[in-house]
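The next block holds one structure in the form of structure tokens; read it before the comments.
The values are calculated or read from the model by the stated rules, or taken from the named source; none is laboratory data. It should be emphasised that the depicted structure is a prediction, and the values quoted were computed from it without experimental measurement. Here Cβ is always computed from backbone atoms with ideal geometry, including for glycine, and neighbour counts include all displayed protein chains. Only protein heavy atoms, including side chains, enter the accessible area calculation; ligands, DNA and RNA are left aside. Shrake-Rupley method; radii C 1.70, N 1.55, O 1.52, S 1.80 Å.
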Amino acid sequence: TERSVQVKLVLLGEAAVGKSSIVLRFVSNEFQPNKEPTIGAAFLTQKCRLEDRVLRYEIWDTAGQERFHSLAPMYYRNAQAAVVVYDVTKASSLEKAKTWVKELQRQANPNIVIALAGNKIDLVNPSAPSTSSTPESEDEADDATATPGETAASGEPESLRQVPRDEAEAYAQEAGLLFFETSAKTGEGVVEIFTEIAKKIPID
Ligand code: GTP
Ligand code: MG
């Protein structure tokens, strides 16, 4: 018979980074473009099948609005896993994610598996640089004639990326976190968060 372990998982992160959208993608394979903010927290479950076992995630999707911050300990207490989400198009959301990681590392279960997820990667132009090294500026004179959302040179949509992948990944490695870039909109990277966490949950 197949083993099915229950795993309590909590999502944390600034408001509107896409926590609920990641959960909706994982649980229902759906996306809602105008998802309403979470009030308090939402509870959902989903199975996750690995080669040798099945896990049942019990997911607490918390509200990111600051007025709900004090509720968070109720949801991360006893959690075996946490997904801390930021928005790759909003640099301040990574700073907020770092404060959540610190809080988890101080207050949560010492064996908690933490994943850092940079969401909304669909808003990033794949040809735009994803490293923090600034490319030499070119054709600056053209910028004045560029349409908002487009670069004058190529007509390609301008990348909205504010958090370089290498910077976030280096932080995650230093802090001992799993790291993903995701899009709840396209589904990119979403299942991977939950399967990679599952592989790190010890079989008891
Ligand atoms: P709170 O519940 O307030 O903490 O917010 P949240 O982190 O749960 O964010 P939510 O999932 O409600 O998403 C906020 C907005 O961003 C919604 O309009 C979503 O449709 C949008 N959104 C979420 N994920 C993505 C994504 O991957 N790409 C894009 N383009 N939009 C996204
Ligand atoms: Mg939400």
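Miscellaneous remarks
- Qualifying residue in region 62-71 (condition: at pLDDT 95 or above, open to solvent by 50 Å² or more (accessible area, probe 1.4 Å) and among the hydroxyl-bearing types (Ser, Thr, Tyr)): yes
- Residue in region 7-14 that is within 11 Å of ligand 2 (Cβ to nearest atom), open to solvent by 30 Å² or more (accessible area, probe 1.4 Å) and not β-branched (Val, Ile, Thr) present: yes
- Complete set of residues in region 153-204 that are assigned to a strand (DSSP E or B) and modelled with pLDDT under 95: Pro157
Residue by residue, here is whether (1) free of Cβ contacts under 8 Å to residues at least 24 places away in the same chain; (2) under 23 Å from Leu177 (Cβ atoms); (3) touching a helix residue (DSSP H, G or I) at 6+ places or on another chain (Cβ under 7 Å) holds:
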site	(1), (2), (3)
Gly18	no, yes, no
Ala41	no, yes, yes
Glu51	yes, no, no
Gly64	no, yes, yes
Arg67	yes, no, no
Ser92	no, yes, no
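- Among the residues of region 68-92, those identified as part of a loop (DSSP other than H, G, I, E, B) and more than 11 Å from ligand 1 (Cβ to nearest atom) are Arg77, Asn78, Ala79, Gln80.
- Per-region count, region 112-135, residues within 16 Å of ligand 1 (Cβ to nearest atom) and either in a strand (DSSP E or B) or at pLDDT 70 or above (or both): 12
- When the residues of region 24-47 are filtered to those that are surrounded by 19 or more Cβ atoms within 10 Å (Cβ to Cβ) and under 15 Å from Thr195 (Cβ atoms), the one that is farthest from ligand 1 (Cβ to nearest atom) is Phe26.
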